[in-house]
Structures are given as structure tokens and as C-alpha cells.
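Trainee: Questions regarding the structure given below will be posed in turn.
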Amino acid sequence: MSLYTAIATAAGRDGRAVSSDGKLDVTLALQKEFGGDGDGTNPEQLFAAGYAACFASALQLVAGKKKVDASEASVTAEVGLHPNGAGGFQLDVTLRVELPDALSAETKHELVEATHLVCPYSNATRGNIPVSLVIE
């Protein structure tokens, strides 16, 4: 049984994506790099925002359990879209995690690795797409 189920509807890369509760309603547009006008967001940006937010939230959970103050942390997700060599496309992700300077390199590494095991996006992508973790 799910703790929460998000529902959204879209008809493609050009148009709109709308959540069932109406809180998300965004214009979608094909990226300029693919011949579109780029006048809206795209699935890769939405995935990047979701992954960054989810990982940052999971990081706070992990830090709290370890009694580490990571309240100043932030996460930037870079989502790449590449041809897969078989006529389709694949994603890759780089997560750039900024942690407080006061934390040791070892603590930072432990937090990020533990978070990568907790975050639902990390668990969903593990073994499916490359995800690089960069501690900044």
C-alpha cells in the first residue's frame, strides 16, 4: 500500500503537464536542442527538480538520524539525455551535493552514500541509469 500516489497527465513534450490536484500545471516544450522552441519546461528538467528535491529531503532524514547538522545542504541534479544506440534515448544523472564546510570529508561521504540508499529516486534509478554522486 502506497503512503502517497502522485498523479499527473501529459500528452507529450509539447503542451501541458497537470497533476490531478491542479497544484502542478506547467507548459511543456521541446528543447531547442531538438528543434523545438524551448518556451516551456521539459521532462528532463522536471525529473532533475524532483530528484534534487527528493535527495535533499532524504539527506535531511539521514543527517537527522546520524545527529549531523546538514540544514545548509543543497542538491543540484543534472539530467542528461543521450541516444542509446538502438534508436531510443537514455538518461544519466549527476547529483552535486553541497554540504556544510564544518563537516569532515568522511562524514560528507557517509551522508551522501547513506542518502543514496534511502532516496526513492536513487532506488528507482539504481541499475537502470548511471548516477554520479559529487560532493561539493
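The values are calculated or read from the model by the stated rules, or taken from the named source; none is laboratory data. None of the values given here were measured: they were computed from a predicted structure. For neighbour counting, all protein chains shown are included, and Cβ atoms are generated from backbone atoms with ideal geometry for every residue, glycine included.
Trainee: So in region 34-57, with the set limited to residues that are of a type in the set (Phe, Trp, Tyr) and surrounded by 15 or more Cβ atoms within 10 Å (Cβ to Cβ), which one is farthest from LEU117 (Cα to Cα)?
Mentor: Going through the qualifying residues, I end up with PHE47.
Trainee: Another one. Can you tell me which residue within region 9-49, out of those that are farther than 18 Å from VAL79 by Cα and of a type in the set (D, E, K, R), is farthest from the chain's Cα centre (by Cα)?
Mentor: Restricting to residues being farther than 18 Å from VAL79 by Cα and of a type in the set (D, E, K, R), the top hit is ASP37.
Trainee: Out of (1) surrounded by 13 or more Cβ atoms within 10 Å (Cβ to Cβ); (2) of a type outside the set (S, T, N, Q); (3) under 19 Å from the mean Cα position of the chain (by Cα), the odd one out for ALA6 is which?
Mentor: (1)
Trainee: Could you run through region 73-90 and say how many residues are touching an Asp or Glu at 6+ places or on another chain (Cβ under 8 Å) and either over 19 Å from GLU110 (Cα atoms) or not hydroxyl-bearing (Ser, Thr, Tyr) (or both)?
Mentor: The number of residues fulfilling the criteria is 6.
Trainee: A follow-up question, please. Can you work out which of the residues in region 82-129 that are within 12 Å of the chain's Cα centre (by Cα) and of a type in the set (Val, Ile, Thr) is surrounded by the fewest Cβ atoms within 10 Å (Cβ to Cβ)?
Mentor: Among residues in region 82-129 that are within 12 Å of the chain's Cα centre (by Cα) and of a type in the set (Val, Ile, Thr), the one surrounded by the fewest Cβ atoms within 10 Å (Cβ to Cβ) is THR94.
Trainee: Taking strands (runs of 3 or more DSSP E) that do not extend beyond region 2-115, which have at least 1 residues that are among the basic types (Lys, Arg), at pLDDT 95 or above and more than 17 Å from GLU136 (Cα to Cα)?
Mentor: Fully inside region 2-115 and qualifying: 15-19.
Trainee: So, ALA77, is that one of a type in the set (A, V, I, L, M) and over 20 Å from GLU33 (Cβ atoms) or not?
Mentor: No, not satisfied.
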